[in-house]
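First comes the structure, then the notes that go with it.
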């Protein structure tokens, strides 16, 4: 089997995520305890106990998801599972790179903390929104965004799977695009409950703020290839990783391309590592013939060891 580990991004979070892993696996608890030592208890308490409104703040969401993904990854390693490839959706790319050996956990913590703060600051300075456009192809979504751009920036930013593309930009422009998409035949186009226009060109100030942070971080060549968001290519070189981490903040996530690349490379088993099963759902729409599983709690961990009982 050729295995790819997939790591979720913002939107997968929920209060209590990671708690069951910490309660049942010392490897997971060790990761969470280290996060407390590095960032402080507030960054862990918020995902273990809430409140939800605080967890939704980008500066807390991003470290929280990274910590939980790396706790789940520690359990996977202890169980004997290894990856031939890694990939992560948006923020999840940091988890993928950490799992692939491009930087250590503490470096990753400091990077995602800085990223969350930079993106939240940019979102507060330049208000915007996002929407999921369902049922239209890429050309149709591009046309909708172009027509809506008379009211402000409006861009496709997440190419998640066939028939699901997320757009982002100025609030008025995204509102206009949702209406235009529905007129173009989209059966379901909805605004997302997010705090900013992530991955759009409006996030350039956040990318500029993160550039020196990434340049100064201890990043090395990864031990295994990572399919990166910004170009949908396999990456291992530290210089490419640095460049891509800056670029992905204000460029689109090419998730469908990344998954198709891994499939062409022979990946036939995909494991979603961390909160939720969003990426399993996207993969099902890209290629339902692949095997996929997840690990976020004891039950899902047990299912990996005893798939016949799942």
Distance between segment 167-214 and segment 230-287 - C-alpha centres, whole angstrom = 20
Counting pairs of alpha carbon atoms under 8 Å apart in space and at least six apart in sequence, what relative contact order in percent does segment 127-191 give?
-> 45
Go ahead and estimate [θ] at 222 nm for the chain from helices alone: -39,500 (n - 2.57) per DSSP H run with n ≥ 4, summed, over the residue count, rounded to 500.
-> -15500 deg cm²/dmol
For the chain, averaging the sequence separation of alpha carbon pairs under 8 Å that lie six or more residues apart and dividing by its residue count, the contact order in percent is 23
Mean separation of Cα contacts under 8 Å (6+ apart) over length of segment 188-293, as relative contact order % | 25
One would report the antiparallel percent of DSSP beta bridges in the chain, rounded to the nearest 5, as 55
Estimated distance in nm for a label pair at residue 82 and residue 204, the labels positioned 7 Å out from Cα along Cα-to-Cβ | 4.5
Can you give the FRET efficiency for residue 298 and residue 183, using 1/(1 + (r/R0)^6), R0 = 45 Å, r = Cβ-Cβ distance, to the nearest 0.05?
-> 0.45
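Fewest Cβ neighbours within 10 Å first, please rank 23, 250, 175 accordingly.
23, 175, 250
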Using the alpha-carbon atoms, what tilt in degrees (0 to 90, nearest 10) does helix 105-125 show relative to the longest principal axis of the chain?
-> 20
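Read-outs throughout are calculated quantities, based only on the coordinates presented, and are distinct from any laboratory measurement. Every value quoted in this text rests on a predicted model; they were computed, and no experiment measured them. Here Cβ is always computed from backbone atoms with ideal geometry, including for glycine, and neighbour counts include all displayed protein chains.
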